[in-house]
Ligand SMILES: [Zn+2]
């Protein structure tokens, strides 16, 4: 059981970690100061959450791996983050739409995880729900602004939508054995979350005059640690320093 | 210090001397991050809870706690981080709120439940001129715990300590 929980923890912590790494690239490059601060703060929340989860995962695994070892010394075939988290930032519409897709998913997921039979996971999740509520309010307001702004902003949102939509299905792919965790009351059933998520996103995008397409091909694979070409580059940048100087201390 | 009798009030008063690294007018005790103190096998265990998951000041606070308690004669200190119950601004005392306001940071207004439901208040009291005629500039301010507001009377931009 512990091995399964360990892998599940990697799945959710990696998603936060990789998205945080992506959006922190906006630090110093935000469209204006307040947005720069906002994205930096959101990245910090995600890094912090991933630290707590990886620290717990390391304890469960019992091999003495610290949060840093788990973050910096695994390669892409051992990373379980959702494909959508590793997709490029693109323009601000793309960054915000990616964030809205993930925030809506995470708010549903972490709300359920806060009722987990695993008390440590439940406690971390309860804390995260407060933070994700802020993230979602922020990203949703931006998506609506793009959708109802100028022709230019709408076009950008629509382009972002076509780019990102095929990666959303991957968030609902369970890891091998996840049904056992669901049965034991450790984690929620992703199918249920999917139904709620689709309704929330449909409402959001309708406000932006974007209709959800049917029967779109959905990429998948992250539940088996299979990734798009982007993850390797992200890890190369994120891990280069600790790999070059493994004994380095802050 | 070998006394197995733990004087919690005394230790708390020492910890009260440690300022919040980002808001030095209030102490880490007033901030509400110190949750418990216990003494086992000559080790003083300090239970703390983070304000925000990614708050970069937490590490600093841990180091400050260890340094302070070392000075006071404790050699074995263990910092235990807990997430439950999750930190809330409701734990910030009325006195600390006044200190925040005098420092130029608008203290949290209302209850966390209402904020969770309705979002940040449309306007909060300007810490400088006390006008309520203000607007939110950004949900995210200079640190994770603050939002940015602007007073429409004195035109000052100020931090608001978010209610969570
Ligand atoms: Zn004013």
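The values are calculated or read from the model by the stated rules, or taken from the named source; none is laboratory data. All values reported here derive from a predicted model rather than from experimental measurement. Reconstructed Cβ throughout: ideal geometry from the backbone, glycine too, with neighbour counts over all protein chains shown.
Worth a mention:
- Pair list, Cβ under 8 Å, 6 or more apart: the stretch B:141-163 residue closer than 23 Å to residue A:45 by Cβ, other residue near the ligand (Cβ under 10 Å from one of its atoms) and not in a strand (DSSP E or B): B:149/B:126; B:158/B:126; B:158/B:127; B:158/B:128
- Inclusion of residue A:141 among residues that are surrounded by 20 or more Cβ atoms within 10 Å (Cβ to Cβ) and within 14 Å of chain B (Cβ to nearest Cβ) is not warranted.
- Residue satisfying condition, being within 14 Å of chain B (Cβ to nearest Cβ) and in a helix (DSSP H, G or I), within set A:160, A:125, A:104: A:125
- Test: residue in the stretch B:79-100 that is free of Cβ contacts under 8 Å to residues at least 12 places away in the same chain, away from every other protein chain (no Cβ under 14 Å) and either surrounded by fewer than 16 Cβ atoms within 10 Å (Cβ to Cβ) or part of a loop (DSSP other than H, G, I, E, B) (or both): yes
- Residue within the stretch A:21-44 that is more than 14 Å from every other protein chain (Cβ to nearest Cβ) and in a helix (DSSP H, G or I) present: yes
- Of residues in the stretch A:144-157 being surrounded by fewer than 19 Cβ atoms within 10 Å (Cβ to Cβ) and in contact (Cβ under 8 Å) with a residue 12 or more places away in the chain, the one nearest to the other protein chains (Cβ to nearest Cβ): A:144
- Subset of the stretch A:187-241 [closer than 15 Å to residue A:104 by Cβ, within 19 Å of the chain's Cα centre (by Cα) and in a loop (DSSP other than H, G, I, E, B)]: A:188
- Scanning the stretch B:131-164 for residues that are part of a loop (DSSP other than H, G, I, E, B) and either at pLDDT 95 or above or within 13 Å of the ligand (Cβ to nearest atom) (or both) yields a total of 8.
- Selection from the stretch B:28-54 of residues that are modelled with pLDDT under 90 and more than 11 Å from the chain's Cα centre (by Cα): B:39, B:40, B:41, B:42, B:53, B:54
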